[in-house]
Each structure stands twice: as structure tokens, then as C-alpha cells.
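The values are calculated or read from the model by the stated rules, or taken from the named source; none is laboratory data. A quick note: this is a predicted structure, and the numbers were derived from the prediction, not measured. The accessibility values were calculated without ligands, DNA or RNA, using every heavy atom of the protein model including side chains. Shrake-Rupley method; radii C 1.70, N 1.55, O 1.52, S 1.80 Å.
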Amino acid sequence: NAAKVVKLWEAQGKQVDVCLHEWHMQLLESEIEIPTSWDDPALTEPEAKVRRYVPFDYQVEDTADILHGFLDLGLARIQYELPCRLGKTPVAWWVAEGLGAERIVFVANWQELLSQQHREWSSQWQGVEMKHYVLASKNDVIRGMAIERLGTPEDVLKVLQSDEPFMLWACPPSFGLIADACALGDAKPLDYGVMDEFHNMTGLRTSRNTLP
């Protein structure tokens, strides 16, 4: 990843040593502190006040390109690849804001990542106010997400049929609840979906773990 970062900066005609320093400084200044335990209040207070991220030039360009793909080219899905720690998640929420999305699903391949993304997304979001839900069966242990749990297809269907803005958070296999809910009745379409670490989910073998 370090080599990719260096190549990225060099492609922009910048001094690598200076820009890497600037990059690290921005991360240090803007990131939420890593909690020392799962009982840390930071894990259950998504509305904590943090400074709004300021996008780098490449993030501005990437956000505009993705919005162009969705809005002008009519693409249904876009795969966005970037080395770790270069800010894919901020681009995801800037795209959602640009789309005016009000019905969103976010899928991550492991629960700790889902919790981290929920904290960042909740603190940085500047779109329409929405309610957050986590998809989890009664046997799933959900740490660090003090939001309402949806544990049955019937619960999920009620949200999908409502007019309220919402965001669904899920990990495999629980996001199969969305497909199960759609099989029960007519559900209004989602506006936007994000699959984080998608390359780690393509090996899932059961049809239950695919979004409708």
C-alpha cells in the first residue's frame, strides 16, 4: 500500500516526502480516537462532535466521477478501488449526499468494521436526517452500535415499506434479511448501497448472502 501511495502522489507531480507527511497529519488530526475497550462511550455516541473531513483533490474528482456514472451514465453499480487509509468511506458518503439518498444500506464483511464505519458516517453525514438500524438476528452479538436492531424479515419489511429516511447496517449473513423481507411483500426500492471490503464477500457460497 505504501508503494501505491507514493505512486499516487508522484502521479500528481508532488514531492512524495512532503505529501506523505501532509497525508499522515490530516489522518492524525481528523480521526476519531481508537477506543480502548468495547465499553468506551465513543462506541455508543455516534453524534459525538468531530471535525468535518476536508477532501483531497483526488477524492473530489473521484466523487464527481462516481456521481457522473450514476446520474449521467445510468450505471447501477460502480466498483471503487483505493489503497487502505486513503479515504474510500468519505467518498461513499459524499456520493450519497450528492445523490440525495434517503434509503441506504451499508454492508461490511465483519462487525467491528461495520461499527467503525457507522461511527464515522454518523458523525460526518450532512444529508437528510435519517434513522439508523442494524440488521441482526437474536443470536448475533452487536458491539458498539447503540441503534435499533431489526432481527426478522417482518421487521425489515416494515422499514422498507415506510416513507421515512433510513440507513440499514449489516454484516453477512444478516443482510440476507433484506432478501427475505422482499420475498414477503412489496418493498420500496433503496436509493443507494455500499459494500465495504466487497472483495472479501465474493466468496460467500449461499444465495442468502446476496442483496436483492
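Projecting the alpha carbon convex hull of the range 93-173 along each direction and taking the average yields 5.2 nm².
The phi torsions of the range 124-129, fed into the Karplus equation with coefficients 6.51, -1.76 and 1.60 and a -60° offset, translate into couplings of 9, 4, 10, x, 5, 5 Hz, rounded to whole numbers, with Gly and Pro shown as x.
3J(HN,Hα) couplings calculated from phi for the range 171-183 with the Karplus curve 6.51 cos²θ - 1.76 cosθ + 1.60 (θ = phi - 60°) are, in sequence order, 10, x, x, 5, 6, x, 4, 5, 5, 5, 5, 5, 6 Hz; Gly and Pro show x. Straightening the chain between residue 67 and residue 161 buys 31.2 nm, computed as 0.36 nm per residue apart minus the Cα-Cα spacing. Here residue 182 sits with roughly 50 square angstrom of accessible surface, probe radius 1.4 Å.
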